[in-house]
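Engineer: Let me begin by handing over the structure; questions about it come next.
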Amino acid sequence: MNPKEDKRIRYNQMVEGIENAKMYDGRGTYDTYVCEKCGNQMITTYKDKGVTPFTMRCGDCGGVMMHVQTKTTVEPGVRVNEWVRPTLEQFLKMPNAAQEHVLNGGLILKVMQPEEDPFFPIKKIMEKMPAKESIRIAYIPIVVCNAALHYAKLVADYCASHRMPYKLECRTIRQESVEYIQTCLKTVDKSTYEQLEQQTNEFFYSTQTDLITLYWTVRNEFLKYFPGLDDDQMEIYTNIYISHSLFSYVRDFQVTAEKHMSKVCGCTIKTDPDIHILKIWKSLSKISEGYDIGKAPIVELALKVIANRIDEHVFSEVELTED
């Protein structure tokens with residue numbers, strides 16, 4: 001019997017007996033792999049019963065991705081790659097080592113290519129929109145969200161250092177901040193994201209005076225509405241208000257940008273709010289529950305100054321209008 005025919009027989013025997021084989025069956029579960037080098041994440045699931053590796057090479061940086069978590073559900077819209085058993089035709093074309101892996105029940109990873117979102121047609125946007133304008137629309141939300149995360153982190157750190165009763169909320173803020181950054185790294189490469197982080201630092205430096213003015217304006221409003229607040233509460237609620245305000249700026253900017261892109265591209269363009277930012281927002285709201293100063297005119301004026309600074313600071317030669 002020639003080697004090819006022998007492997008064909010062994011493959012068919014393996015397939016016939018795999019369902020009764022005494023091995024882990026991961027179908028219906030979702031595994032998270034994280035790169036030790038760049039932090040890239042990948043979610044996988046089992047399409048077929050079989051064996052999968054504990055580590056694999058990162059497609060982004062070539063580092064090692066480690067299996068870190070197994071769950072039974074994933075959030076809607078998350079891209080999931082499948083572990084599958086290669087067909088006989090695919091198997092016969094594989095190198096000897098890979099064939100032995102398959103004959104022992106091993107699966108191979110099928111990387112799912114993301115389908116184009118009908119409400120965010122990348123190809124059409126790139127064709128119709130000027131490059132600088134597209135960059136500005138894509139990057140301003142990342143820079144401003146990074147700034148908002150800075151204030152959210154201040155809240156989490158302050159609560160933790162002062163042993164305040166918000167462990168769950170602080171944990172959520174920290175975890176979802178990491179998840180948000182990982183999501184950004186899937187839309188831009190690492191070097192670009194590092195440049196955007198630098199833009200965030202430059203934003204803080206260039207608007208330092210305005211941010212200090214905003215901080216004390218918000219703090220004074222809290223003092224006016226809630227004179228009984230102590231310094232700890234005042235510090236936390238002020239930073240929460242600023243974080244919320246920056247997140248709101250991002251969403252307003254995105255809605256305006258979507259209207260503009262829809263007009264230029266001749267189709268409806270719409271994006272959903274980022275799920276990680278929403279969870280951070282809710283955690284901040286839980287911490288400040290019952291203490292809301294609304295949209296005070298003097299605060300809105302200070303925020304308007306910051307908004308203008310943001311627009312001037314980040315890729316700002318192109319104007320966006322509501323019409």
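Engineer: Which residue pairs have Cβ atoms under 6 Å apart, sit 6 or more places apart or on different chains, and have a first residue in region 299-311 that is of a type outside the set (S, T, N, Q) and surrounded by 15 or more Cβ atoms within 10 Å (Cβ to Cβ) and a second that is part of a helix (DSSP H, G or I) and modelled with pLDDT under 75?
Structural biologist: none
Engineer: Here's something else I'd like to know. Quick check: is even one residue across region 103-110 within 30 Å of Ile242 (Cα to Cα) and either touching a residue at least 60 places away in the same chain (Cβ under 8 Å) or not in a helix (DSSP H, G or I) (or both)?
Structural biologist: no
Engineer: Within region 199-224, which residues are over 17 Å from Asn146 (Cα atoms) and not β-branched (Val, Ile, Thr)?
Structural biologist: Passing the criteria: Asp210, Leu214, Tyr215, Trp216, Arg219, Asn220, Glu221, Phe222, Leu223, Lys224.
Engineer: Tell me which residues, restricted to region 16-75, are touching a helix residue (DSSP H, G or I) at 6+ places or on another chain (Cβ under 8 Å), closer than 14 Å to Gln182 by Cβ and part of a loop (DSSP other than H, G, I, E, B).
Structural biologist: Scanning region 16-75 gives Cys38, Gly39, Asn40, Asp60, Cys61, Glu75.
Engineer: State the number of residues belonging to region 12-63 that are among the hydrophobic types (A, V, I, L, M, F, W, C), touching a residue at least 24 places away in the same chain (Cβ under 8 Å) and more than 18 Å from Val102 (Cβ to Cβ).
Structural biologist: Qualifying residue count for the region: 6.
Engineer: Just need a number here: residues in region 215-272 that are surrounded by fewer than 17 Cβ atoms within 10 Å (Cβ to Cβ), among the aliphatic types (A, V, I, L, M), within 30 Å of Met129 (Cα to Cα) and more than 21 Å from the chain's Cα centre (by Cα).
Structural biologist: Qualifying residue count, region 215-272: 1.
Engineer: Quick one: how many residues across region 270-323 are assigned to a loop (DSSP other than H, G, I, E, B) and either of a type outside the set (A, V, I, L, M, F, W, C) or at pLDDT 85 or above (or both)?
Structural biologist: Residues that pass the stated criteria total 19.
Engineer: If you don't mind, another one. Just need a number here: residues in region 129-143 that are out of contact with any Ser or Thr (no Cβ under 8 Å at 6 or more places or on another chain), at pLDDT 80 or above and crowded, with 16+ Cβ neighbours inside 10 Å.
Structural biologist: Selection size over region 129-143: 5.
The values are calculated or read from the model by the stated rules, or taken from the named source; none is laboratory data. Keep in mind it's a predicted model, so treat the numbers as computed, not measured. A quick note on method: Cβ atoms are made from the backbone with ideal geometry, for glycine too, and the neighbour counts reach across all protein chains shown.
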